[in-house]
Amino acid sequence: MSCQCQGKTGEKESKCEIIDRVVDKYQGQEGSMIPVLHEVQQAIGYLPEDVQAYVAEKMGVPLSEVYGVVSFYALFTTEPIGKYKISICLGTACYVKGSGRILEEFEKKLGIKVGETTEDGLFTLEACRCLGACGLAPVLVVNENVHGRLKITDVPEIIEKYRAMSREEAS
Amino acid sequence: MEMVNLTIDGQEVQVPKGSTVLEAAQKAGIDIPTLCHLKDINKIGACRVCVVEIEKARGLQPSCTYPVTEGMVVRTNTAMVRESRKAVVELILSNHPMECLTCSRSTDCELQALAKKLGIKEIRFQGENSNFPMDTSNPAIVRDPNKCILCRRCVAVCNEVQGVGALGLNERGFNSIVAPAFQHPLSEVNCVYCGQCVNVCPVGALKEKDEMQKVWDAINDPEKHVVLQTAPAVRAALGEEFGLPIGTIVTKKMVAAIRRLGIDKIFDTDFTADLTIMEEGNEFLDRLQNGGKLPLMTSCSPGWVKYCEQHYPEFLDNLSTAKSPQQMFGALAKTYYPEKCGIDAAKIFSVSVMPCTAKKYERQRPEMMDSGFVDVDAVLTTRELAAMIKEAGLDFNSLPEEDYDLPMGISTGAGLIFGVTGGVMEAALRTVYEVVTGKTLEKLEFVEVRGLEGIKEATVDVPPVGTVKVAVAHGLGNAKKLLERIKAGEAEYHFVEIMACPGGCIGGGGQPRVTGPERMSLEDNYLDLRAQAVYNEDKSMKMRKSHENPAIKTLYEEYLVKPLGEKSHHLLHTHYQAKPKYQVLAEKEC
C-alpha cells in the first residue's frame, strides 16, 4: 500500500511517514507490535482505525491482530487525547483522602466527564488506580508531572498552569 | 523415535516424546472431554475442560497442551477433576443464550453434548449476559457473538490455516469478543467467506446464511420451474449427515432425495465442470501459444477469487476468465436449457447445492447475471440440503438409487474430481494432453497433484507444445506461500490451481462438520477419506475425460458453437477487479 497523505496534513512529518519510520526501526524484530504501536501513539497521539490499518499493512499482519492488541491494553487509545492528560488516582489511599471530590472538581471546572477531552483539545481527564505514591495522597499526574497532597483549591491553579504553559509554547 | 512411559489412571502407556497427555490418554483408550481443542488446528488450553491431575504438578493441568514426561502419573477421573470440568462448563453456560431448541446446532452442538456428557443438571452461577449485535452483513456467513464461547478455533483456522486474519479476539475480560477489527461486519473487512470458521465452530455462533425457505417457496410456487445442480464434493459428504461413514459416496440416493423434495429437474455441476475444462483448457492453450499472461490460475473457488482481489490484485490478470462450474451452469440454466426445452426462462428458479459458503456470495456478484437474470437464485450448503431432506421426513438411507435428468446431468470422472484439491488440474491435463497431442493418454491418473500436501508440483510433457509445469495449492495459507514464491521469481509455472479450502471442495465451509472429538478419534484425516471416495468413484466411471462428454459435444454443436467463441465469451467468461482489503483504507487517507 502506498501512502496517499504526504503533504496533505500540513505537519512536519505525515502520519504515514511516522509509521514508516517506526515500523522500519523494528524491522525483523520478533514481538515488536507493542513497541511499534506505543511509539506511533506517542507521535500521533492516538491510534485511529486508518492508522492501525496502515500499521497492519506495513507490518504484513492482519488488521484484526493489531486491533486485538490495541483493544486489549489500556495503554492504547483509539480516540484523540488532549495535550495534557490528567490522571487522578482513585486507589484506596487517595480515595480515602478525597481524590473523588478532586475528580468531581476537575469535571466541573473543565466541563467534561471522566474519560473525555475538552473541546480545545487541551485536557483529557482520566481516573487511574494506585500510582504507587500513596505518601503524596491524594495524587494526580499530568502527562509525566506529579502533583501531590492535593486540596480542592489546587484544581483551578493546576488547570491555569497548563493553560499558561500551552499559551507560552504557542507564542 | 524416542518413547516416553507414563501411567494414566493406573494404566501404563508408551507414547512418542512430545506427545500431550491428551494424546497419550487417547492411545490408552481413556476419554478426556475437550471443547476448544481441535486436532492440528487449535491447541491453546483456553477452555480448561480437559484438565487432569498430574502428580507433582501444581493444581489441575490442561491435558491438550501438557507434554508427557518419563514416569509421569496422571489421573483423569477424580472428584476434583470432574467437579472442575463441570464448574468450567457451567460458567460458560451461565453466559450462553438458552435457545437450544431453536438453535441451528441443536443436537449437533459440541457444548450441548459436553454438558450432557459431564452430567450438568443445573447452572449454579448467575451473572451478566453478553449482548452483542448479530452480524448478518453478508450473503454467506452469519455471526452471533452471544453464542460464542471464545474457544478461538475460528480465529486459529482463519489466521493460521487460511492466513486471512479476518477474525481476532478483541477487547478484554467480560467484554472479550471474537470479531473482525473494530467489531466491523464481515462485509467490511477481508473475509473471503470460505466458511472454514463455520466448519470448526463448536456452537451456533457461526453459521451459513439460511437460503432454505427461499427454495421451499420456489418449490411451492406452481409458476416456477425449479432446476437444481449438485456440486462434485456434495455427494462425497452428504451421507455423513445421515450416519454413514466418512468417505461414502451417495450420488444416486441424493438425486432420489432431491427429486422427492419436489425439484423439477436435477442436474449435475459436474456437467459444467466438464464445460469449464473445455473453456479453461482452451484458454490455457491460447495463452501458452499466443504469449498470454502465465501462469494461468484457476478461478472456480470464489473464496480464492475474493482473496486474490483483496490480497493479491497483481495476479488478477493471471486468473482464468472462465466462470466457475456453478456460474456456468447458472448462465446456461436460463438460456440454453429453456430454449432447448421450450420453457419461459423467466419462470426458472435455479438452485445449487454446494459444499461452500462462498458460493452464496459468488451467486450475488454483479458479474454473475449474464443470462439477463440472476443466474443462480439460491445456494444451499451440503448441510442445508441435509436439513431439508430431514424436514421433508425422508428416510435417506432407504431411498432407491436414481439418476440425474438430461441433458445437463451427464458428466465424466474429470468433472467429478473437481471436488478434490488437484482435481481441476488433473481434469485439465487429461483434456489438454489429448487435444494437443492427438494421442490417447495411457494413464489418466496424475498422482503428483493428488493428496493433502499443501503445495504440489508436476511437469508434464505435452508434445509439440513442450514441458508444462504446474502447481496446486489448497487452503489460502498455502496459496499465499505459493504466490509469494511466484512473485519472488523462485518458481515458474504455466498453470496453477488454487482452492481456498484445505483439501479443496471436499473440505469446503458448507460441508458436514467433523467435531473436535471425532477428529481426535479418527485414524485417518477425514479429508483423505472423502478424497479417496471421489477418486474411487472417478475410477469406476466409463467416461473420465471432459472432452468425451457427449452432452458437452451437443451443447457446443447446438448452442455455443466452439470453446472461447462469442456465446461462450458472453455467458461463460468474466473479469475480476481489485478490492480494498479493509473499508477504512478505501474511504480514508492515512
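Could you tell me which numbered condition B:Ser130 fails, if it satisfies all but one of (1) within 13 Å of another protein chain (Cβ to nearest Cβ); (2) of a type outside the set (A, V, I, L, M, F, W, C); (3) part of a loop (DSSP other than H, G, I, E, B)? So the condition that B:Ser130 fails would be (1). Annotation: of all residues in region B:255-309 being in a loop (DSSP other than H, G, I, E, B) and of a type in the set (D, E, K, R), the one that is farthest from B:Ala333 (Cα to Cα) is B:Lys293.
Looking across region A:44-57, just one residue is surrounded by fewer than 19 Cβ atoms within 10 Å (Cβ to Cβ), more than 8 Å from chain B (Cβ to nearest Cβ) and in a helix (DSSP H, G or I), and that is A:Ile44. Is at least one residue of region B:519-533 in the same structural domain as B:Ala273 (by TED's automatic domain parsing), surrounded by fewer than 17 Cβ atoms within 10 Å (Cβ to Cβ), not in a helix (DSSP H, G or I) and not hydrophobic (A, V, I, L, M, F, W, C)? Yes, the conditions are met somewhere in region B:519-533. Pairing residues of region A:25-52 that are over 27 Å from B:Ala586 (Cβ atoms) with residues that are assigned to a loop (DSSP other than H, G, I, E, B) and of a type in the set (Gly, Ala, Ser), at Cβ distances under 6 Å and at least 6 apart in sequence or on separate chains, gives A:Tyr26/A:Ser32.
This table checks each residue for (1) more than 19 Å from A:Ile81 (Cα to Cα); (2) among the polar types (S, T, N, Q); (3) in contact with a Cys (Cβ under 9 Å, 6 or more places away or on another chain).
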position	(1), (2), (3)
A:Leu103	no, no, no
A:Gly111	no, no, no
A:Thr124	no, yes, no
A:Leu131	yes, no, yes
A:His147	yes, no, no
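When B:Val376, B:Val351 are checked against the criterion of being assigned by TED's automatic domain parsing to the domain that holds B:Phe495, assigned to a loop (DSSP other than H, G, I, E, B), in contact with a strand residue (DSSP E or B) (Cβ under 7 Å, 6 or more places away or on another chain) and not hydroxyl-bearing (Ser, Thr, Tyr), B:Val376 stands alone in meeting it.
All conditions but one from (1) under 15 Å from the mean Cα position of the chain (by Cα); (2) surrounded by fewer than 17 Cβ atoms within 10 Å (Cβ to Cβ) apply to A:Thr92; the one that does not is (1).
In summary, B:Lys542 fulfils each of the numbered conditions (1) within 14 Å of chain A (Cβ to nearest Cβ); (2) out of contact with any helix residue (DSSP H, G or I) (no Cβ under 8 Å at 6 or more places or on another chain); (3) not in a helix (DSSP H, G or I) with the single exception of condition (1).
Would you mind stating whether B:Pro325 is in contact with a Pro (Cβ under 9 Å, 6 or more places away or on another chain) and either within 23 Å of B:Leu406 (Cβ to Cβ) or crowded, with 24+ Cβ neighbours inside 10 Å (or both)? Give the derivation first.
Working: in contact with a Pro (Cβ under 9 Å, 6 or more places away or on another chain): yes; either within 23 Å of B:Leu406 (Cβ to Cβ) or crowded, with 24+ Cβ neighbours inside 10 Å (or both): yes.
Considered against the rule, which asks whether it is in contact with a Pro (Cβ under 9 Å, 6 or more places away or on another chain) and either within 23 Å of B:Leu406 (Cβ to Cβ) or crowded, with 24+ Cβ neighbours inside 10 Å (or both), B:Pro325 comes out as yes.
The set of residues from region B:379-409 being crowded, with 22+ Cβ neighbours inside 10 Å and part of a loop (DSSP other than H, G, I, E, B) comprises B:Tyr404, B:Met408.
Of the numbered criteria (1) surrounded by fewer than 17 Cβ atoms within 10 Å (Cβ to Cβ); (2) closer than 28 Å to B:Leu167 by Cβ; (3) more than 11 Å from chain B (Cβ to nearest Cβ); (4) touching a helix residue (DSSP H, G or I) at 6+ places or on another chain (Cβ under 7 Å), the one A:Thr118 fails is (2). One residue stands out among those in region B:1-17 that are of a type in the set (Asp, Glu) and free of Cβ contacts under 8 Å to residues at least 24 places away in the same chain: the one that is surrounded by the fewest Cβ atoms within 10 Å (Cβ to Cβ), which is B:Glu2. Note on region A:59-114: residues that are in a helix (DSSP H, G or I), within 14 Å of chain B (Cβ to nearest Cβ) and in contact (Cβ under 8 Å) with a residue 12 or more places away in the chain total 6. Of the set (1) away from every other protein chain (no Cβ under 13 Å); (2) within 22 Å of B:Val164 (Cα to Cα); (3) among the polar types (S, T, N, Q), all apply to A:Gln41 but (2).
Residues in region B:234-250 that are touching a Leu at 6+ places or on another chain (Cβ under 9 Å), surrounded by 21 or more Cβ atoms within 10 Å (Cβ to Cβ) and closer than 15 Å to B:Ser398 by Cα: B:Leu238, B:Val250. In this structure, B:Ser568 does not qualify as of a type in the set (Ser, Thr, Tyr) and over 30 Å from B:Cys341 (Cα atoms). A single member of B:Ala586, B:Ala578 is assigned to a loop (DSSP other than H, G, I, E, B), exposed (fewer than 14 other Cβ atoms within 10 Å of the Cβ) and within 14 Å of chain A (Cβ to nearest Cβ), and it is B:Ala578.
The combined condition, being over 24 Å from B:Ser106 (Cα atoms), surrounded by fewer than 17 Cβ atoms within 10 Å (Cβ to Cβ) and more than 23 Å from the chain's Cα centre (by Cα), is not fulfilled by B:Gln126.
Tell me yes or no: at least one residue of region B:191-198 is touching an Asp or Glu at 6+ places or on another chain (Cβ under 8 Å) and buried (at least 24 other Cβ atoms within 10 Å of the Cβ).
Our first condition is that a residue be touching an Asp or Glu at 6+ places or on another chain (Cβ under 8 Å); within region B:191-198, this holds for B:195, B:198.
With buried (at least 24 other Cβ atoms within 10 Å of the Cβ) added as a condition, the list becomes B:195, B:198.
Within region B:191-198 (the criterion being touching an Asp or Glu at 6+ places or on another chain (Cβ under 8 Å) and buried (at least 24 other Cβ atoms within 10 Å of the Cβ)), the answer is yes, since at least one residue qualifies.
Among the residues of region B:499-556, those identified as closer than 19 Å to B:Glu445 by Cα and among the acidic types (Asp, Glu) are B:Asp528, B:Glu537, B:Asp538, B:Glu548. Across region B:141-154, the qualifying residues are those that are surrounded by 23 or more Cβ atoms within 10 Å (Cβ to Cβ) and in a helix (DSSP H, G or I), and the one among them that is farthest from the other protein chains (Cβ to nearest Cβ) is B:Lys147. Of the residues making up region B:178-199, those that are farther than 23 Å from B:Gly477 by Cβ and either within 9 Å of chain A (Cβ to nearest Cβ) or among the polar types (S, T, N, Q) (or both) are B:Phe182, B:Gln183. Summed over region A:14-38, the residues that are surrounded by 15 or more Cβ atoms within 10 Å (Cβ to Cβ), more than 14 Å from chain B (Cβ to nearest Cβ) and farther than 26 Å from B:Ala166 by Cβ give a count of 0.
When region B:155-164 is filtered for residues that are surrounded by fewer than 24 Cβ atoms within 10 Å (Cβ to Cβ) and outside any helix (DSSP H, G or I), only B:Gly163 remains. Within region B:41-83, the residues that satisfy the criterion of being among the charged types (D, E, K, R) and assigned to a loop (DSSP other than H, G, I, E, B) are B:Lys43, B:Arg48, B:Glu55, B:Lys56, B:Arg58, B:Glu70.
So which of B:Arg82, B:Arg153 is modelled with pLDDT of 95 or more and more than 24 Å from the chain's Cα centre (by Cα)? Don't jump to the end; show me each part of the working.
Values: B:Arg153 fails: more than 24 Å from the chain's Cα centre (by Cα).
Matching residue, one of B:Arg82, B:Arg153: B:Arg82.
The values are calculated or read from the model by the stated rules, or taken from the named source; none is laboratory data. Remember, it's a predicted structure, so these values are computed and weren't measured experimentally. Every residue, glycine among them, receives a Cβ derived from its backbone with ideal geometry; neighbour counts consider all protein chains shown.
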